[in-house]
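Chemist: Quick one: structure below, then a few questions.
The values are calculated or read from the model by the stated rules, or taken from the named source; none is laboratory data. Keep in mind that this is a model prediction, so the values were computed, not measured. Cβ coordinates were reconstructed from backbone atoms using ideal geometry, including for glycine residues, and neighbour counts include every protein chain displayed.
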Amino acid sequence: MRQATAALVLFAAIAAAIPAAADVRYESETQTKFSGMLGTVMKFGGGSKPQLSTVSLQGDEMRTDNDKRSQIIDLDKGAFIDIDHDKKQYTVMTFEELRQKMEAALKEAKQAAAPEPGAKPSDVKVKFKAQVEPLGKTQDIDGHTAEGIRIKLTIEGQDSTGAQGTMLTTSETWLAKDVAGYDEIQAFYKRAAAKWGREWEGAARGWAALAAANPQLAEAMKELQSQSRKLEGTPLLTTTTVDVVGQPAPQPGEQTTEKPAEAAEEKNTESIPLDVKSATGMLGRFGKKKTQEKAKEQQEAQAKEKAATGEPSHLMTSTTRNRNFSTGSLAGDLFAPPAGYKEVKPKD
């Protein structure tokens, strides 16, 4: 559900006002790779496998099919329909019910964030920066000429001792303007945003609360949204990386020579701390448990070394590719739960 709402916000920001005219279908593949110990654990557990989905659109109805689940967004009925194929059951949540859940979640978040009576205020200062910039180059993707853009979100924190930390999220997206059918998908998301007018009020109040706590975050996200509206085309390939940098508090007489954000951007962030081949060899000799213990030791040792030098540590890389776009006619019953499936109430 959160992924669906986030997608609506994103595509509404870049959608062009083009009326829907044809049925559309395309495939999407996402692969996420984590570094260090977590990456090793995810690999052994099968969690690093590509996630495949198929998106189908017909008028005011959109369906997304994953491995064992499907979701339908029905603008005419104002509802989300989530289908569990293993259990042969489905749930229906209206836009109004979603609005109520958003407001309840916002209220709970405010209560959780409120300091306890007598508690000492946090001494951590946080800065946010958002940026969208063209890469100034193109590449051929599945026969389409795609232009590259880069989106950066930087979060910097520093406490009263002088210790610093930075998280840098960078997305490189390749957009093509000649993909058949994607205009209809963009238009769908714009109609969805208009249909959801009241529901977005809850999200808007959430941003208002965040702005009150940190105006810099609100300004950064406002700038990101403003620049994103200028983007045109179909996202064929998106690669997102997350890196962190930590620097301990300087000792007396010591000076910091490099800011964490600068280190994160200038140093190589593609290296993975853990040698996976070595981990695989240890698995054969000592078993899975010993491998994970060794990986943890290596991860902690390298993290301490990186923190001392201000060198960035790579957390994860996620790659999403959209392909096989088609505009052939789709069956109308595709946008309803399969016959024989039982409706159940959504979980709270």
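Chemist: I need the strands (runs of 3 or more DSSP E) fully contained in segment 89-174, keeping only those with at least 2 residues that are among the acidic types (Asp, Glu) and surrounded by fewer than 17 Cβ atoms within 10 Å (Cβ to Cβ).
Modeler: Passing ranges, in order: 125-141.
Chemist: Go through segment 227-255 residue by residue and tally those that are touching a Leu at 6+ places or on another chain (Cβ under 8 Å), exposed (fewer than 14 other Cβ atoms within 10 Å of the Cβ) and at pLDDT below 75.
Modeler: 0
Chemist: Which residues, taken from segment 65-98, are within 17 Å of residue 339 (Cβ to Cβ) and of a type in the set (Lys, Arg)?
Modeler: Correct list: 87, 88.
Chemist: Only one residue in 124, 92 is at pLDDT below 85 and in contact with a strand residue (DSSP E or B) (Cβ under 7 Å, 6 or more places away or on another chain). Which one?
Modeler: Going through 124, 92 in turn, the sole match is 124.
Chemist: Could you check how many residues of segment 175-191 are of a type in the set (Gly, Ala, Ser) and assigned to a helix (DSSP H, G or I)?
Modeler: Final tally of qualifying residues: 1.
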